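**Q** Let me begin by handing over the structure; questions about it come next.
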Amino acid sequence: MTGLSDSFQRPINYLRISVTDRCNLRCVYCMPVSGVCPLSHDDILRYEEINTVAKAAAEMGIDKIRLTGGEPLVRAGLPELVGMLASIETIDDISLTTNGTLLAKYAAELKSAGLNRVNISLDSLKPERFQSITRSDSHLEDALEGIEAARGVGLEPVKLNTVVIPSVNDDEVLDFAAKTINEEWHVRFIELMPLTGETKTPQFVSASDMKKKIEKLGELEPCLPSVGNGPAKYFRLPDARGTIGFITPVSEHFCFNCNRLRLTADGKLRPCLLSDYEVDLKQPLRQGVSSEGLKKLIEEAVANKPLQHHMAEGQVPRQRPFSQVGG
Ligand code: SAM
Ligand code: SF4
């Protein structure tokens, strides 16, 4: 293993793989209500192809993989892919980001295939609001069952991702925070990024405003994450069993620590979520590229990883919806 670093000396060891652009929900900040024109079956990388990319990346120094989407659990046979990735010796952490609504059905199978842990996106604890944010007929209960199922089979720590949307769910910041006191909930509040498929983009609620609200419940003590060293900054309320994290892509970017590459569902390698630059791997894979050739393409993507995003200046990716890149 050589170890991979970009032109700004950032070590790159984390690959986020979007396994599908499809989703059973239509979250207001992520997808247009009509959905997006889905990629065809043939456009999507096959599991064997994803595994080939992961193996080459692992030989270069990638040791953490996250599966995301769209909703990864709408793609058939996901445990099969987890099993393939888990058999790559140098991959030491495989995680999944999911909306949780289908997780109860698959949690045990994913765990035995080698999945280590899950992040579950949950933006409301109110059943009707859950449906209006997700613009679906899925139920809050389904996501809550997903959380319990993940815990039950040991896909831990279960982290919850909550995107805070002004005038939609910002009144629930305290309710989510209060949950961390008596239960082992690890809630991460995410600032809303202006990437929505809808034309009218709401403002965001900053992490510092969220903190001010939460401190009504007690002082927030900084603490270390239970696992990983991602962009969230973690805190704990006095004597709380769980933790509260803040992810601040808008008010305070964390690009200087970014260790990520992203593989889109249709086989493009993206060194930055918020830039349209990408390197195609699908065509070379289908033309029988060698492992060395694949590694050169991975190096090319890494070499072009930008220093930071420019969301504040209005530069957001135009060519794809967020659901295709994988958040
Ligand atoms: N469907 C899965 C889920 O919802 O967890 C995985 C894909 S989703 C695109 C990944 C994450 O991106 C979710 O936690 C979601 O809340 C977050 N996300 C999507 N659009 C966002 C936005 N405009 N701003 C901040 N986070 C966003
Ligand atoms: Fe689907 Fe996740 Fe996007 Fe919601 S955030 S629409 S669950 S991909």
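The values are calculated or read from the model by the stated rules, or taken from the named source; none is laboratory data. Small disclaimer: the values here were computed from a predicted structure and weren't measured. Here the Cβ positions follow ideal geometry from the backbone for every residue, glycine too, while neighbour counts run over all protein chains shown. Side chains included, ligands, DNA and RNA excluded: accessible areas come from the protein's heavy atoms. Shrake-Rupley method; radii C 1.70, N 1.55, O 1.52, S 1.80 Å.
**Q** Taking the stretch 195-225 as the region of interest, how many residues are surrounded by fewer than 16 Cβ atoms within 10 Å (Cβ to Cβ) and modelled with pLDDT under 80?
**A** Residues in the stretch 195-225 being surrounded by fewer than 16 Cβ atoms within 10 Å (Cβ to Cβ) and modelled with pLDDT under 80: 5 in total.
**Q** Could I ask something else about it? Give me the residue from the stretch 23-49 that is surrounded by fewer than 18 Cβ atoms within 10 Å (Cβ to Cβ), more than 16 Å from ligand 1 (Cβ to nearest atom) and not polar (S, T, N, Q) and, out of that set, farthest from Leu78 (Cα to Cα).
**A** Among those residues, the one meeting the criterion is Cys37.
Residues are listed down the side, and each one gets a yes or a no for (1) open to solvent by 10 Å² or more (accessible area, probe 1.4 Å); (2) touching a helix residue (DSSP H, G or I) at 6+ places or on another chain (Cβ under 9 Å); (3) of a type in the set (S, T, N, Q):
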{"residue": "Asn51", "(1), (2), (3)": "yes, yes, yes"}
{"residue": "Ala54", "(1), (2), (3)": "no, yes, no"}
{"residue": "Gly77", "(1), (2), (3)": "yes, yes, no"}
{"residue": "Leu81", "(1), (2), (3)": "no, yes, no"}
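**Q** OK, next. For a quick check of your reading: which helices (runs of 4 or more DSSP H) sit entirely within the stretch 119-223 and have at least 2 residues that are within 15 Å of ligand 1 (Cβ to nearest atom) and out of contact with any helix residue (DSSP H, G or I) (no Cβ under 6 Å at 6 or more places or on another chain)?
**A** Answer list for the stretch 119-223: 127-134, 140-153.
**Q** Among the listed residues Ile147, Ile181, Ile214, identify the single one that is within 16 Å of ligand 2 (Cβ to nearest atom) and β-branched (Val, Ile, Thr).
**A** Going through Ile147, Ile181, Ile214 in turn, just one is within 16 Å of ligand 2 (Cβ to nearest atom) and β-branched (Val, Ile, Thr): Ile147.
**Q** Tally up the residues in the stretch 162-186 that are crowded, with 21+ Cβ neighbours inside 10 Å and in contact with a Ser or Thr (Cβ under 7 Å, 6 or more places away or on another chain), please.
**A** The number of residues fulfilling the criteria is 4.
**Q** Return the only residue of Val28, Val53, Val19 being farther than 20 Å from Thr90 by Cβ, out of contact with any Ser or Thr (no Cβ under 6 Å at 6 or more places or on another chain) and more than 10 Å from ligand 2 (Cβ to nearest atom).
**A** Answer to the selection: Val19.
**Q** I need every pair where a residue in the stretch 231-254 that is more than 17 Å from Gln203 (Cβ to Cβ) and polar (S, T, N, Q) has its Cβ under 6 Å from the Cβ of a residue that is open to solvent by less than 10 Å² (accessible area, probe 1.4 Å) and part of a loop (DSSP other than H, G, I, E, B), sequence separation at least 6 or different chains.
**A** none
**Q** Mind checking whether some residue in the stretch 60-73 is among the β-branched types (Val, Ile, Thr) and part of a loop (DSSP other than H, G, I, E, B)?
**A** Taking every residue of the stretch 60-73 in turn, at least one turns out to be among the β-branched types (Val, Ile, Thr) and part of a loop (DSSP other than H, G, I, E, B).
**Q** If you don't mind, another one. Starting from the stretch 270-294, take each residue that is outside any loop (DSSP other than H, G, I, E, B) and list its partners that are open to solvent by less than 50 Å² (accessible area, probe 1.4 Å) and of a type in the set (Lys, Arg), counting only C-beta distances under 7 angstrom and pairs at least six apart or across chains.
**A** Filtered contacts from the stretch 270-294: Arg270/Arg262; Val279/Lys268; Asp280/Lys268.
**Q** May I ask you to verify whether Gly77 is in contact with a Ser or Thr (Cβ under 6 Å, 6 or more places away or on another chain) and under 25 Å from Pro38 (Cα atoms)?
**A** So Gly77 does not fit the description; no.
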